[in-house]
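Single-structure report; data block below.
Nothing in this text is a laboratory measurement; each read-out follows from the coordinates by a stated rule. Keep in mind it's a predicted model, so treat the numbers as computed, not measured. All Cβ positions, glycine included, derive from the backbone under ideal geometry; neighbour counts span all protein chains shown.
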Amino acid sequence: MANLQFDLVSPERRLASVEATEVQIPGADGDMTAMADHAPTITTLRPGILTVVHGGGSDAYVVSGGFAEITATGVSVLAEQALPRDEVTQEVYDQMVEDAKTVYGRAQETFKNEPGPVDDAAKLLSDMVAIGGHIGLTAKN
């Protein structure tokens, strides 16, 4: 099976640079799996779990957004925020949800009678809460 180069970076650090067999991406328009010889694609990310499958197993990362560029030979992800799944404790997750709630509150105040930005912020909050269900953590009420 052919491999592809996978790179994941966030503003804080480079999180991964490995040869992978597949990369499962939480795309804004739907989840996708990139493999070698994938059609060139650029997609925005929604908050979710990005999974990289490689010869040594698989690694999962929690991403809050960003972009993924897919080519026939690789996947490069520039994440707004990304953490290895193992680093997302209940405390870290609670802060991520609180940050999303803050964004939602600001959108409601700033964009009165403009549903688009408020809906986007509500979707962000919903996606952040859903991440907890995927990784076994629960958002505070």
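Over the alpha-carbon set of the stretch 57-121, divide Rg by the Kirkwood Rh and report the Rg/Rh ratio to two decimals. Each step should come with its number before you reach the end.
Numbers: Rg = 15.6 Å, Rh = 14.1 Å.
Using only Cα positions, Rg/Rh for the stretch 57-121 is 1.10.
Given the rule -39500 (n - 2.57) for each run of at least 4 DSSP H residues, summed and divided by the residues of the chain, what is its mean residue ellipticity at 222 nm, to the nearest 500 deg cm²/dmol?
Values: 2 runs with 42 residues, N = 141.
Result for the chain, helices only: -10500 deg cm²/dmol.
List residues of the stretch 35-66, by number, whose backbone nitrogen lies under 18 Å from a label position 7 Å along Cα→C-beta of ARG106.
Hits in the stretch 35-66 for ARG106 at 18 Å: 47, 64-66.
Short version: ³J(HN,Hα) in whole Hz for each residue of the stretch 17-31, in order, from phi by Karplus 6.51 cos²θ - 1.76 cosθ + 1.60 (θ = phi - 60°), x for Gly and Pro, what are they?
Calculated HN-Hα couplings, in order: 8, 9, 7, 10, 9, 7, 10, 9, 10, x, x, 4, 9, x, 5 Hz.
If the viscosity is 0.692 mPa s and the temperature 37 °C, what Stokes-Einstein diffusion coefficient in µm²/s follows for the stretch 4-85 when Rh is the Kirkwood radius over Cα pairs?
Values: Rh = 12.1 Å.
My calculation gives 272 µm²/s for D.
Which of the trypsin sites (Lys or Arg not before Pro) across the stretch 74-126 are loop residues per DSSP, with 14 or fewer other Cβ within 10 Å? Write out the running numbers ahead of the final one.
Working: sites: ARG85, LYS101, ARG106, LYS112, LYS123; in loops: LYS112.
Passing sites in the stretch 74-126 are LYS112.
I'd like the FRET efficiency for ARG14 and ASP119, computed as 1/(1 + (r/R0)^6) with the beta carbon distance as r and R0 of 35 Å, rounded to 0.05. Kindly include the intermediate steps, with their values, before the conclusion.
On the way: r = 33 Å, r/R0 = 0.95.
The computed FRET efficiency comes out at 0.55.
Could you please tell me the mean projected area of the C-alpha convex hull for the stretch 102-141, averaged over all directions and given in square nanometres to one decimal? Numbers along the way, then the final one.
Details: hull surface 11.6 nm².
Quarter of the Cα hull surface area: 2.9 nm².
For the chain, go through all pairs of different Cα atoms, get the mean of 1/r, take its inverse, and jot down that Kirkwood value in Å.
15.7 Å
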